[in-house]
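The values are calculated or read from the model by the stated rules, or taken from the named source; none is laboratory data. Everything numeric in this text was worked out from a predicted model, so none of it was measured. For neighbour counting, all protein chains shown are included, and Cβ atoms are generated from backbone atoms with ideal geometry for every residue, glycine included. Ligands, DNA and RNA are stripped out before the accessible areas are found, and what is left, the full protein with its side chains, is counted by its heavy atoms. Shrake-Rupley method; radii C 1.70, N 1.55, O 1.52, S 1.80 Å.
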Amino acid sequence: MSEWITPGKTIGIIGGGKIARQMAVAARKLGYHIAILDPRQDCPAAELAEWMIQAEYLDEKAVMELAFKCDAVLYESEEAYADVLERVQRTVVVPQGEQLLSVAQDRTLQKAYLESLSINIAPFATIVTKEDIKEAISGIGFPCVLKPNQADDKTIRPLVLQDESDIDKSDALLRRGTCVLEAWIPFERELCAVGAKDINGKVIQLALSETVYKRSRLYQSFTPARIQPEVAEEVERIVTTFAEQTFFQGVFSVELFVTSTGTLYVNGILPSPHPSADYTESTLNLSQYEAHIRAVCGWPLPDTKANTQTVMMPFYSEHFSKINKQIQLKPEWKFAFHGHNQPDEPAGYVTIPTENLPSTLDVLSDINLWDER
């Protein structure tokens, strides 16, 4: 674990997206200077940085230049490279370390690691050829999901296999390299838990949200999740177990499925704050981004708990006309914007406090913020 990084020092962030932007806001609030490395000069975090390096995340020379000029280096997401960060640590502290990143990037490694911690996951098999799929189907069954082994590969969607005829559709994925075939979990709800671990090894759970996705985008998250108390307790156990057994400081996210019987399956681990917990900015005494900066810089973490029911909804640039109208109509709603963005990236989010979740969801349905396509 790293030592305390005092206010006034410079934090370099690999990645300049919306999560990096909110990390930068929290860091500057706590007195730190910010530098960014990102391939886009107009990335969302750029305007909050004192300086930036425009380069790809795999550009080791550029990453080392960032390291030499900073007092600590962080990464925004699993798109950073663990082997590069391992070498960076010889020059400057990387509080998040590379273990969590390695686990998050490699699906096979992640599943093996979770199994070693007795954390429940869907049955899976490592796939290289179509013959591997056919062999694995005998144990996994249909339906199942084929995913690239590298979790940071966002350029291709997973393939759902409903029957043998779908196996021939796997060529595009298999050409990318090793894949993972997972059993399809008939889940009732999707959950996302966000935890944090500080310099002293203290672990806290910041958020547990129920998440809804549309068109492969996060559509809504709301808290509290509609689950039984014993399921929430098991989520907390999973978060604590993973954090205690993994070498890192900072915030991480655990995505889960819960079935109608209350059985939990971990679907994935992310080495960073999660968009579904952006509501913590306005409902907790400590947002997930401030918790992350505090943890990686060596500040102890306070206990925290949300007492307000909320619905959080990301929006995109195509939604601006409806968002601008709601800003005028809903003074109790809390809006946040991410700055520069691409059409396929969230432009911001709205957090809605509620005392009646079904009623609030009905209001959002009537507004139809996201046009159905």
Contact order relative to length of the stretch 30-99, as percent, for alpha carbon pairs under 8 angstrom and 6 or more apart | 25 percent
Remind me, relative contact order of the chain in percent, using alpha carbon pairs under 8 angstrom and six or more residues apart?
-> 15 percent
Taking only protein heavy atoms and a 1.4 Å probe, what accessible area per residue, in Å², does the chain have with all protein chains in place?
-> 44 Å²
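Compare L361, L101 by solvent-accessible area with a 1.4 Å probe and give them largest first, with all protein chains kept in place.
Details: L361 40, L101 0 Å².
Most to least solvent-accessible, the answer reads L361, L101.
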Using a Gaussian network model of the chain whose springs link C-alpha atoms within less than 10 Å, name the residue from L329, L85, L117 with the highest mean-square fluctuation.
-> L329
Under the Karplus relation 6.51 cos²θ - 1.76 cosθ + 1.60, θ = phi - 60°, what is the ordered set of whole-Hz ³J(HN,Hα) values for the stretch 286-299, x standing for Gly and Pro?
-> 8, 6, 5, 6, 5, 4, 5, 5, 4, 5, 6, 8, x, 7
Quote the accessible area belonging to R40 in square angstrom, nearest 10, computed with a 1.4 Å probe and with ligands, DNA and RNA left uncounted.
-> 60 Å²
Positive minus negative residues near P143 (Lys, Arg vs Asp, Glu; Cβ under 12 Å) | -4
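Take every Cα pair under 8 Å in the stretch 10-146 that's 6+ residues apart, average their separations, divide by the length, and report that relative contact order as a whole percent.
Relative contact order, the stretch 10-146: 19 percent.
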So what's the Cα pair-distance distribution over the stretch 172-265, bin width 5 Å, in %?
-> 3, 12, 20, 19, 17, 16, 9, 4, 1, 0
Cα extents of the stretch 220-291 along the principal axes, largest first, in whole Å, come to 36, 29, 18
When the accessible area of the chain is computed with all protein chains present and a 1.4 Å probe, what percentage of it is carbon and sulfur?
-> 48 percent
Expected max-MSF residue from T360, T280, T223 in the GNM of the chain (alpha carbon, under 10 Å) is T360
Reachable aspartates and glutamates, given that their alpha-carbon falls under 16 Å from the alpha-carbon of K18 and they are not under 8 places away in the same chain | D38, D42, E47, E76, E78, E79, D278, E281, E290, D344, E345
Pairs of lysines in the stretch 60-154 (C-alpha under 29 Å apart; 8 or more residues apart or interchain) | 10
SASA check, K18, accessible area w/ 1.4 Å probe, all protein chains in place, rounded to nearest 10 Å², comes out at 30 Å²
